Amino acid sequence: MKIDSNTSFMREIEQKYHIVDKNLISYCIQNLIRENFYLENHAIETDFVPDFYNDYCKRKGIVIRYRIIQPGSYLLTIKTKNQSQNNNLEVQDNLELEYDSFLDTTDRFKEIQKFLKEDFDIDIPDIILKNNDLHSNIIDLVSALYKLGFVKCRMITQKNRKTYKRDKMSVCIDHFPHEIGDFVEIEALNMDDFIKLKNIVSLPSQLIERENYGNIIQKRRLELGNSKNRSRVCLFDSIIENFIYERFSI
């Protein structure tokens, strides 16, 4: 895969902690506030990772993720492994290209279109979300992508997320439905900031979760007795959940 140095791909280094003792969340937030982090956002995030019938994206090593946080807009993220990443198995080290349909100009979206077309022969049009409620937006987005050929659901998940930021570092406090649990995710764009951030949150190393959220959710859903296909769906909204089961026959 070619990633031109002129593209807007950003390196993202992240690490997750599985939190069982909720007192540790308060402890973490106190550490962040003391270091001048601010609460940037608190919202339900819905992530949809689609694929083609033949798992084309998965086989090519890319993730196409649509994230709805507020009605009428979405974040489109193209994610792939950082081929020059270090061998630290406790972190996820990826390259990401992101478009915010609410904030960004069409130039960023055209960059994503060009990258997907040249490297993967995927055509992806912009999608306009017109409804004012989150529920309808999710159904409209999934339906539009389905018509474009994205007829497989790699994952669709929701989480209640608080995001704390300072400079280019961020810490997310995440709560998932279906007994998946609570997590703290730290993110930085370079290893120096990552180490700095790790020291700031100061969470016990034994809580480090080496898997990404997709694998964490699937493993836990299977443990709870769900079928393999249904383990890829983790939503607060039962109506959307049933819609996904019907749409993707899972």
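Summary of values
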{"quantity": "Farthest toward positive dipole pole in region 2-65 [+1 Lys/Arg, -1 Asp/Glu at C-beta], among Ala43, Ile33, Phe9", "calculated": "Phe9"}
{"quantity": "DSSP bridge orientation in region 111-250 - percent antiparallel, rounded to nearest 5", "calculated": "90 percent"}
{"quantity": "Cα gyration tensor, region 1-75 - rounded (a/c under 1.5), prolate or oblate", "calculated": "prolate"}
{"quantity": "For the chain, calculated [θ]222 nm from helices alone, where every DSSP H run of n ≥ 4 adds -39500 (n - 2.57)", "calculated": "-9500 deg cm²/dmol"}
{"quantity": "Alpha carbon convex hull of region 189-250, projected area averaged over orientations, nm²", "calculated": "6.4 nm²"}
{"quantity": "Pairs of alpha carbons in region 132-250 whose separation is greater than 25 Å (percent)", "calculated": "37 percent"}
{"quantity": "Three-way shape label, region 100-148, alpha-carbon gyration tensor, a/c 1.5", "calculated": "oblate"}
{"quantity": "Assigned charges on the beta-carbon of Lys, Arg, Asp, Glu; the chain dipole about Cα centre (debye)", "calculated": "480 debye"}
{"quantity": "Unsatisfied cross-links (Cα-Cα over 27 Å) in the set Lys22/Lys60; Lys117/Lys159; Lys159/Lys228; Lys147/Lys168", "calculated": "Lys22/Lys60; Lys117/Lys159; Lys147/Lys168"}
{"quantity": "With every protein chain in place, the chain: carbon and sulfur % of accessible area (1.4 Å)", "calculated": "47 percent"}
{"quantity": "Per residue accessible area of the chain, 1.4 Å probe, in Å²", "calculated": "51 Å²"}
{"quantity": "For q = 0.17, 0.23 Å⁻¹, Debye-computed log10 I/I(0) when each Cα of region 116-202 counts as one equal scatterer", "calculated": "-0.98, -1.04"}
{"quantity": "For the chain, the Rg and Dmax computed from alpha carbons only, in angstrom", "calculated": "18.0, 49"}
{"quantity": "Loop GluC sites (Glu not before Pro), region 27-108 (other Cβ atoms within 10 Å of the site Cβ: 16 or fewer; DSSP)", "calculated": "Glu35, Glu90"}
{"quantity": "Shape category assigned to region 154-205 from the gyration tensor of Cα positions, a/c cut at 1.5", "calculated": "prolate"}
{"quantity": "For region 24-112, the spread of Cα positions along each principal axis, largest first, Å", "calculated": "47, 39, 25"}
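The values are calculated or read from the model by the stated rules, or taken from the named source; none is laboratory data. Predicted model only: the values in this text are computed from it and were never measured. Virtual Cβ from ideal backbone geometry, glycine too; neighbours counted across all protein chains shown. Note: accessible area is taken over every heavy atom of the protein model, side chains too, but ligands, DNA and RNA are not part of it. Shrake-Rupley method; radii C 1.70, N 1.55, O 1.52, S 1.80 Å.
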